[in-house]
Structures are given as C-alpha cells and as structure tokens.
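Only one structure is covered here, and it is reproduced in the block below.
FYI, it's all coordinate maths here, none of it is from the lab. No experiment lies behind these values; they were computed from the predicted model shown. Note: ideal-geometry Cβ built from the backbone for every residue, glycine included; neighbour counts use all protein chains shown.
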Amino acid sequence: MSKIYFIVNPCAGNGATRRWWLSYLPVLDRTGLNFQWSFTQGPFTAPAIAAQAVDSGYDILVAVGGDGTVHEVVNGIIRNSGFTLTTPALAIWPRGTGCDLGRTLGIRNKKEDLIGLLSGGEAIWVDVGQAEFISNDGEKNLSRYFLNVAEVGLGGETAAKVNETTKVLGGFFSFLWGSLTSICTYRSPYLRMVIDEKHSREGRYTLIACGNGRFFGGGMMICPKAKINDGYFDIVAIEAMGKSNLIYNLPKVYSGRHLEHAKVWHARAKSLLIQSRGRVLVNLDGEQPGIVQAKFTIIPKAIKLLVPKQFPTMFGEV
C-alpha cells in the first residue's frame, strides 16, 4: 500500500481549508489509506515539509491548497530528490483561490474525487519549468521550479495585488478585480524576448506568459494550446494596447480566443529569456517572487504527477 503524505495549507481559500480539512479527516480515516499529514506554518514553509516527507520514504505527496501550495511542494520535492525515477508522485487537491493547475488537469475539489484520485489515479511523468530571475530587492539571483505558468508583466502586478488581499471574493472575482485595477494603472514595459537562444523579439508588451499548463489568474486560459507533457512551453505575448482595448478583450482570455487578436503573438519553445529596461514583476504559479531579467527553461518528464484516468484523452498520448 502506498504511503501518502498530505501537506495542507490551512490559510488557503481565505482560511476555509483548515475547517474543511479537519472535518474531512474522519472520512479519510475510514478509507484505510496509509497516510500522515501536517499544516504549513506560513509562506514557503511547504518545501521543507515536502523534503522531509521525501526523506521519510512517502510514495505520494498531496498538496492541499491553491497553486501557490503546489508550487512550494514541487520545489521541495525537486530540491530534495532531483529528477530521479525514485521521486515520489505529486497529487494536488485544489482548495485555494486560483486553483488553475486543477483546471488544466481536470481535477475538481469534491471530496469523493480525492479518494478516487488516490485509489485509482494514474502516475505520469510531466514537464517542469525552471525559472531563473532576480529577487524583488534586486540583490540576489534566484532559481525556482514551476509546474503551471510563468508570466512577466501585468500578471505579476495582478498576483502581487491579489496576494495582498484576504481573497474573500474567491478565485474568479479576486483575480478579475486584480486584473481590472491593475490595468487602470499599468504601463506596458519595453521587453526583449530571446526564444530558444536563437530568435529575438522586442517592443512594449502588456504581458508575456510561458505556459506549461493552460490557465492562470483564476480561470483565464492564457495558454490554450499548452500541454503539460509535450516537452515545450506555450508562449503567449500580448503587445501593448490601450486600457479600454485591454478591458474589452479581457473576456476572450477566459475562453482562449485572445490568440486570434492581431496584437497577440504565440509560439512553442523550450527556453525563453526576458530582459527589460526597468523593474518588471515575475509571476510563478500565482506567486510573485522576483523581477526580470528572467529565463524560463523546460525540463521534460521531470516529476511524477497523479492524474485522473481521463487525463491521457485530454492531452494526447503520454
């Protein structure tokens, strides 16, 4: 029987995850699963918990929370065990504000779905992105891994704004509010992209997204053609446009129809370097850990992910 460790962010979902988890524990106890669990103790404490669980020989680590919780657990697993065949599988249980990776994977937050995922899910190898960037104070070069979407520009401003709130509006409305208020004060920076260390583009961009997954910002399908297991990023760059034009076209991002817009550029790549003339924020899986210059590199088949049985039919052969 697999040994399972749950890493639970009690603050996720505006604090509702703590109450939900404690009420759900008796249900888990009755399943006969071999599991242990712990609460995170604050921002970026999950990596140490994940690393300890890896050392203790757990087979599956379950990140219970939002995309930020998943982001931290991924970093804990990789920094402890690297990219090896013995790496434990990661499972996610979406209980946070954005939960955008769950949308990509088709994982809902119903209690019965969690039991089905743990007892009948399929562990597959998926890609991970490595991000190299500058700390927010401009003093250090940092490196982190991300599983869903990295982004530079407006999304970083929005993530910073939303993460400063209680997120009481929930995922969709919190990020919609953050996007609209950020657009009103945002000025598109001058950015230079280098794609796969060969081709370059530069100009004023509202945002540049580097997608391993498809969604960010509480349900925006920013990278609709991304596949989490194909060895490529889906790059989407939105050129500068007027504020009213941005707001008018914002609904298209939720359906993925923004790719049809004349000011949206799309490509597939294995690496992306972004340089700027000023301070531009970086967004990794809904977190805002630093600023440009930033380089994103795909690491194919880097981590095992527990996914629903229907996942292969959603994204092609794995």
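Some points to look at:
- Across region 252-263, rounded Karplus estimates of 3J(HN,Hα) from the backbone phi angles (6.51 cos²θ - 1.76 cosθ + 1.60, θ = phi - 60°) give 5, 5, 5, 9, x, 7, 5, 4, 7, 6, 5, 9 Hz, Gly and Pro being marked x.
- Estimated translational D of region 129-300 in µm²/s (Stokes, Kirkwood radius over Cα pairs; 37 °C; 0.692 mPa s): 209
- Shape summary: the chain maps onto an equivalent ellipsoid whose semi-axes, from the alpha-carbon gyration tensor, are 32, 20, 18 Å in decreasing order.
- Here ARG187 and LEU33 are evaluated by their C-beta separation; at R0 = 45 Å the FRET efficiency comes out at 0.30.
- Relative contact order for region 22-142, counting Cα pairs under 8 Å that sit 6 or more residues apart, in percent: 19
- GluC sites (Glu not before Pro) within region 214-318, DSSP loop, no more than 14 other Cβ atoms inside 10 Å: GLU317
- Our summary gives the chain a relative contact order of 21 percent, counting only alpha carbon pairs under 8 angstrom and 6 or more residues apart.
- Cα gyration tensor, region 212-257 - rounded (a/c under 1.5), prolate or oblate: prolate
- A straight chain from THR86 to ARG204 at 0.36 nm per residue would run longer than the Cα-Cα distance by 38.1 nm.
- Qualifying trypsin sites (Lys or Arg not before Pro) for region 248-305 [loop in DSSP, other Cβ within 10 Å: at most 11]: ARG277, ARG279
- Region 57-125, Cα convex hull volume normalised per residue, Å³: 88
- For region 1-61, the equivalent ellipsoid built from the Cα gyration tensor has semi-axes of 19, 18, 6 Å, listed from largest to smallest.
- Kirkwood-Stokes translational diffusion coefficient of region 28-99, alpha-carbon pairs, 37 °C, 0.692 mPa s, µm²/s: 262
- Gyration tensor verdict on region 1-131 (Cα atoms; rounded if a/c is under 1.5, prolate if a/b is larger than b/c, oblate otherwise): rounded
- Gyration tensor (alpha-carbon) shape descriptor, region 195-289, a/c threshold 1.5: rounded
- Values of log10 I(q)/I(0), in the order q = 0.35 Å⁻¹, for region 104-143 under a Debye, Cα-only, solvent-free model: -1.13
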